[in-house]
Amino acid sequence: MSLFRSKIGLALGGGAARGAVHIGVLKALEEQNIPLHAISGTSIGAAIAALYAFGKSVDEIHAIAREISMGSVSGFTLKKKGFSTTERLQKLLVDVLGDVAIEDAKIPLAIVATNLLTGEKTIFTEGNLAKAVAASSAVPGLFVPVEIDGQEYVDGVLVENVPVSALKPLGANVIIAVILSGGVNYPAAVSVIDVINNAFDIAINTKTQSQLRDANVVVDLDLRYYSRIDNREKTDELVYLGYQATHHRMERIRWCLYTPFLQVLIRFYHQITPITMPDFIRNIRARYKTKIG
């Protein structure tokens, strides 16, 4: 760990067509010169993280987001394990980035998916990028599971909607987490599909809250009234929401950049003097204490 600067990891959560928010987060961090040393993603977060980690600019990703929807990356199939395949999504990634491996990313990258045979979380940090992103995005029941090395994988939201745990192994010691399913309430249910969607969201969000305890900064947005299927007409609006929410947390993010130095200073002070810690150091410690490993 650097004595004066933290290594920032960014975890981008799942949320289907609401994922344009992640673009605004990236834009805000870039404008404030906040460096990213690692990035992870689940579901739509995996797709955005992959594009950015392989060098696509925020503007390029924004342009792609304006053109795609759930329908445009789905391919109808008669297979028994799902109504759609992820082949179009994989083709899109190959067309944009090439047939690349995760380990070749410019920014260390991790993609989270769920092993359908064991129920375990799988963190992909190497191997075929397009397949890993497709696996992370394969909503069970809708998409056919993605087979990788003889195992079947589905959407990573089942095990870790906001992939915080994937970042420390990549060297990050300060973690920014972006959750697209914030909000205490859920839309009123008018059909059985609405009931199922709300129940699914409640289960995922309950689990996510415990996983976010290891994040130092949480960018949490209430997007309950935005579609999961198609937000192409609202892409710019969602990007702005992510941008604005990140700016509101920028003071906290900037302090986290220098937390290692503050921790070393506090430890050093304890070692060299038996007298009471000055109020200004105690206040810094209380206000900006972070969970850094």
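The values are calculated or read from the model by the stated rules, or taken from the named source; none is laboratory data. What you see is a predicted model; the values in this text were computed from it and never measured. FYI the Cβ positions are ideal-geometry reconstructions off the backbone, even for glycines, and counts take in every protein chain you see. Ligands, DNA and RNA are stripped out before the accessible areas are found, and what is left, the full protein with its side chains, is counted by its heavy atoms. Shrake-Rupley method; radii C 1.70, N 1.55, O 1.52, S 1.80 Å.
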List the aspartates and glutamates whose Cα lies under 16 Å from the Cα of residue 7, skipping any in the same chain that are fewer than 8 positions away. 30, 214
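Which of the residue pairs 106/168; 106/234; 81/131 have a Cα-Cα distance greater than 28 Å in the structure shown?
Details: 106/168 17 Å; 106/234 30 Å; 81/131 17 Å.
Correct reply: 106/234.
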As an exercise, use a Förster radius of 25 Å and the Cβ-Cβ distance of residue 222 and residue 63 to find the FRET efficiency, rounded to the nearest 0.05. 0.40
Using modelled amide H (1.01 Å from N, peptide plane; none on Pro or chain starts), what sits under 5 Å from the amide H of residue 110, excluding residues fewer than 5 places away? 39, 40, 41
Taking 0.36 nm per residue of separation and subtracting the Cα-Cα distance, what length does fully extending residue 32 through residue 257 add? 79.8 nm
Stretch gain in nm, segment residue 250-residue 149, where the contour uses 0.36 nm per residue and the Cα spacing is subtracted: 32.2 nm
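On average, how much accessible surface per residue is there in the stretch 83-226, in Å², for a 1.4 Å probe, leaving out ligands, DNA and RNA?
Accessible area per residue: 45 Å².
Sort 216-222, 108-114 by packing, meaning the average of other beta carbons within 10 Å per residue, with the highest value first. Please list the in-between numbers first.
Values: 216-222: 20.9, 108-114: 28.7.
Peptide ranking by packing, descending: 108-114, 216-222.
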In Hz, Karplus ³J(HN,Hα) per residue of the stretch 161-167 (6.51, -1.76, 1.60; θ = phi - 60°; x = Gly, Pro): 4, 10, x, 5, 5, 7, 8
